[in-house]
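Novice: My structure is below; once you've seen it, I'll send some questions.
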Amino acid sequence: KRRQQPHGKEALVKLLRWHFGHAEFRGKQLEAIEAVLSGRDCFCLMPTGGGKSMCYQIPAMARPGIVLVVCPLIALMENQVTALKEKGIAAEYLSSTQTSHAKNKIHEDLDSGKPTLRLLYVTPELIATAGFMSKLTKIYSRGLLNLVAIDEAHCISTWGHDFRPSYRKLSSLRNHFPGIPILALTATAVPKVQNDVIESLGLQRPLVLKSSFNRPNIYYEVRYKDILNDVYADLCNLLKTSGNVCGIIYCLERSACDDLSAYLSNNGISCAAYHAGLNDKLRSSVLDDWISSKTQVVVATVAFGMGIDRKDVRIVCHYNIPKSMESFYQESGRAGRDQLPSRSVLYYGVDDRRKMEFILRNAKSKKSQTSNSQDQLSKKSLDDFTQMVEYCEGSGCRRKKILESFGEQVPASLCNESCDACKHPSLVARNLEEVTNTYATRQRYGFSHIMISRSENMNCQDLSEFWNREDEASCSEEDVSDSDDDNDVVRGLGRSKFQKKSGLNERIDFLQRAEENYYRSKAPDKQANKSDKNAIADA
Ligand code: ADP
């Protein structure tokens, strides 16, 4: 109980103004800071852009000694340390990417009885090494460890979207350093993840702080692919009419990133593709160009994620429906971190919905062979996805749907016409009606028709792959979409094979298996084994 000097609100506000130039604390910042300064563990849930870093940076300035910050990404550490140094704050990070000279300097400082460092950023892997742990223990026993802050704390939870095995090793910290407060920070709003984080880190009687997830500066909108003539052209037009601002477009598949990026570039948009299929060098140059405003728009898979630190993103588009509200919130939330008006536009199409459902279902069947809990996880994924579909297919306030999915009660007035459903209710209703009619017509042809006629990735060659046939007949969209005969739907797609399967259930089974083969062979960016050393996670 060495460190329990009182820090009045005024003194803390002074530190905020002096070091960071902000007039007042935001949201729950002050409560979190006061809690950790009084020695209490704290779990802090704040949306992206909410100002989580201040919750450990101010305590670092409040007294001598070290605040240890555990951070999953080197890029994120570098950004923060550079920004702190620019403000004259003694901050460093330790990572494999540093020269041994730089590392030695930091170690010398840590070994001295009176370190000048205030903030030390490290990876979870480093915490797990015996060498670093014994160094930390020395610092602790000299009374110089003030706080352990764990950024992106949801990475410890297998329920979260960014589980990192290395985070599991942090569970020993609580026992190793009794009396030192642990501050867990995350923007992940799922209650299950929150509980898991608190339990896994062994937080003791933590002060649990949850901020509202409302992002009032983001305008939410859904556009319906099935009633748009040309989705690419619509997107291009959207970016142009938004004034060629900084943006991110998320796509499910790498090939779509390349394709869309090429289209947009050819049409005068300053943009580049980014996905796990590119080599490291190319990826970091795309990222650097975007961060430094050389390019304005990145067309990316979810590989473009955590650690993307550009505050002036004005627009985030989803070219495909994301897998959950959680992912959607994180991704769209990369817009407007500077609090200025920004936009989220999701392009929704029934094919994308089916594609995603298939992916989630398929994950289930693979996992169910191994364990029950994974099976449950996949069921949860499908349930999560339903919320996302409701967001797109419902006519009610989008903001309300987002916030309610995170368990927040929302008054009707909250949106303030900041989504298409509130601002243009009749237009949204008309669009939805048109979409429903389109589905109804297409449903007459069976679900294969929907998939075949609309999925832009399925040209004739792809279809050949889809049906696993060598002697693919040529077909065009017209071939399938103009027909009102069920059997004609599969014209050119192995009709004889198809006709042999005359019963409806058999047909569905046949189609489904073919569909599964297709997607298995084209498995989109898999959640690869993430290397924590790699600054950007694989998609
Ligand atoms: P998070 O980690 O929650 O996404 P950051 O810590 O990166 O958010 O903060 C987001 C932005 O908000 C930063 O530009 C930061 O300087 C700013 N910020 C943080 N706290 C305050 C505050 N009290 N007043 C004004 N701006 C703040």
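Novice: Quick one: count up the residues across segment 277-306 that are under 19 Å from L73 (Cα atoms), touching a residue at least 24 places away in the same chain (Cβ under 8 Å) and over 19 Å from the mean Cα position of the chain (by Cα).
Specialist: Summing the residues that are under 19 Å from L73 (Cα atoms), touching a residue at least 24 places away in the same chain (Cβ under 8 Å) and over 19 Å from the mean Cα position of the chain (by Cα) in segment 277-306 gives 1.
Novice: Which residue is surrounded by the fewest Cβ atoms within 10 Å (Cβ to Cβ), if the candidates are limited to segment 211-242 and must be in a loop (DSSP other than H, G, I, E, B) and among the polar types (S, T, N, Q)?
Specialist: Here the residue is N229.
Novice: Given the condition part of a strand (DSSP E or B), among the β-branched types (V, I, T) and at pLDDT 90 or above, answer yes or no: does some residue in segment 105-114 qualify?
Specialist: There is no residue in segment 105-114 that is part of a strand (DSSP E or B), among the β-branched types (V, I, T) and at pLDDT 90 or above.
Novice: When the residues of segment 385-430 are narrowed to those that are aliphatic (A, V, I, L, M) and surrounded by 21 or more Cβ atoms within 10 Å (Cβ to Cβ), which ends up nearest to P191 (Cα to Cα)?
Specialist: This residue is L403.
Novice: Taking segment 68-87 on its own, how many of its residues are closer than 26 Å to I180 by Cβ and either of a type in the set (G, A, S) or not in a loop (DSSP other than H, G, I, E, B) (or both)?
Specialist: Number of matching residues: 13.
Novice: Another question, then. So which residues in segment 43-61 are hydrophobic (A, V, I, L, M, F, W, C) and at pLDDT 95 or above?
Specialist: F43, C44, M54, C55, I58, A60, M61
Novice: Further question: Does at least one position in segment 112-122 carry a residue that is within 16 Å of the ligand (Cβ to nearest atom), buried (at least 19 other Cβ atoms within 10 Å of the Cβ) and in contact (Cβ under 8 Å) with a residue 12 or more places away in the chain?
Specialist: Yes, segment 112-122 contains at least one residue that is within 16 Å of the ligand (Cβ to nearest atom), buried (at least 19 other Cβ atoms within 10 Å of the Cβ) and in contact (Cβ under 8 Å) with a residue 12 or more places away in the chain.
Novice: Another one. List, please: which pairs have Cβ atoms under 8 Å, are six or more places apart or on different chains, and start with a residue in segment 236-264 that is on the phi > 0 side of the Ramachandran plot and end with one that is surrounded by fewer than 18 Cβ atoms within 10 Å (Cβ to Cβ) and at pLDDT 95 or above?
Specialist: N244/S270
Novice: Failed condition for C71, given (1) away from the ligand (no atom under 14 Å from the Cβ); (2) under 22 Å from V208 (Cα atoms), with all others met?
Specialist: (1)
Novice: Checking L76 against (1) within 11 Å of the ligand (Cβ to nearest atom); (2) modelled with pLDDT under 95; (3) under 19 Å from S211 (Cβ atoms), only one condition comes out false. Which one?
Specialist: It is condition (3) that L76 fails.
Novice: Considering V193, V222, V197, which residue is under 21 Å from the mean Cα position of the chain (by Cα) and farther than 30 Å from V345 by Cα?
Specialist: Checking each option against the conditions leaves just V197.
One line per residue, one yes/no per condition, for (1) of a type outside the set (D, E, K, R); (2) part of a helix (DSSP H, G or I); (3) within 16 Å of the ligand (Cβ to nearest atom):
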{"residue": "L185", "(1), (2), (3)": "yes, no, yes"}
{"residue": "D196", "(1), (2), (3)": "no, yes, no"}
{"residue": "L209", "(1), (2), (3)": "yes, no, yes"}
{"residue": "N244", "(1), (2), (3)": "yes, no, no"}
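Novice: When you scan segment 86-94, do you find a residue that is farther than 26 Å from N217 by Cα, within 13 Å of the ligand (Cβ to nearest atom) and free of Cβ contacts under 8 Å to residues at least 60 places away in the same chain, even just one?
Specialist: Yes: segment 86-94 contains one or more residues that are farther than 26 Å from N217 by Cα, within 13 Å of the ligand (Cβ to nearest atom) and free of Cβ contacts under 8 Å to residues at least 60 places away in the same chain.
Novice: Is it true that some residue in segment 126-148 is crowded, with 19+ Cβ neighbours inside 10 Å, under 18 Å from the mean Cα position of the chain (by Cα) and assigned to a helix (DSSP H, G or I)?
Specialist: no
Novice: Could you give me the residue pairs with C-beta distances under 8 Å whose first residue belongs to segment 16-27 and is on the phi > 0 side of the Ramachandran plot, whose second residue is near the ligand (Cβ under 7 Å from one of its atoms) wherever it lies, and which are 6+ apart or on separate chains?
Specialist: Within 8 Å, the pairs are G27/M46; G27/G50; G27/G51.
Novice: If we scan segment 51-61, do we find a residue that is within 15 Å of the ligand (Cβ to nearest atom), under 15 Å from L117 (Cβ atoms) and free of Cβ contacts under 8 Å to residues at least 60 places away in the same chain?
Specialist: Looking through segment 51-61, at least one residue is within 15 Å of the ligand (Cβ to nearest atom), under 15 Å from L117 (Cβ atoms) and free of Cβ contacts under 8 Å to residues at least 60 places away in the same chain.
Novice: Consider R2 carefully, then state whether it is in a loop (DSSP other than H, G, I, E, B) and at pLDDT 95 or above.
Specialist: no
Novice: Kindly list, by first and then second residue, each pair from a residue in segment 327-339 that is without any contact (Cβ under 8 Å) to a residue 12 or more places away in the chain to a residue that is of a type in the set (V, I, T) and within 12 Å of the ligand (Cβ to nearest atom), limited to pairs with Cβ atoms under 6 Å and residues at least 6 apart or on different chains.
Specialist: The qualifying pairs do not exist here.
Novice: What do you reckon, is E24 under 23 Å from K105 (Cβ atoms) and among the acidic types (D, E)?
Specialist: Judged against the criteria, E24 is not a match.
Novice: Residues that are within 13 Å of the ligand (Cβ to nearest atom), within 23 Å of G202 (Cα to Cα), assigned to a helix (DSSP H, G or I) and not charged (D, E, K, R): does segment 33-46 have at least one?
Specialist: Yes, some residue in segment 33-46 is within 13 Å of the ligand (Cβ to nearest atom), within 23 Å of G202 (Cα to Cα), assigned to a helix (DSSP H, G or I) and not charged (D, E, K, R).
Novice: While we're looking at this one, here's another question. Between R337, R314, R343, which is modelled with pLDDT of 95 or more, within 16 Å of the ligand (Cβ to nearest atom) and either surrounded by fewer than 23 Cβ atoms within 10 Å (Cβ to Cβ) or of a type in the set (K, R) (or both)?
Specialist: Every option except R314 fails the conditions.
The values are calculated or read from the model by the stated rules, or taken from the named source; none is laboratory data. This is a predicted model, so every value here is computed, not measured. Cβ sites come from the backbone with ideal geometry, for glycine too, and all protein chains shown count toward neighbours.
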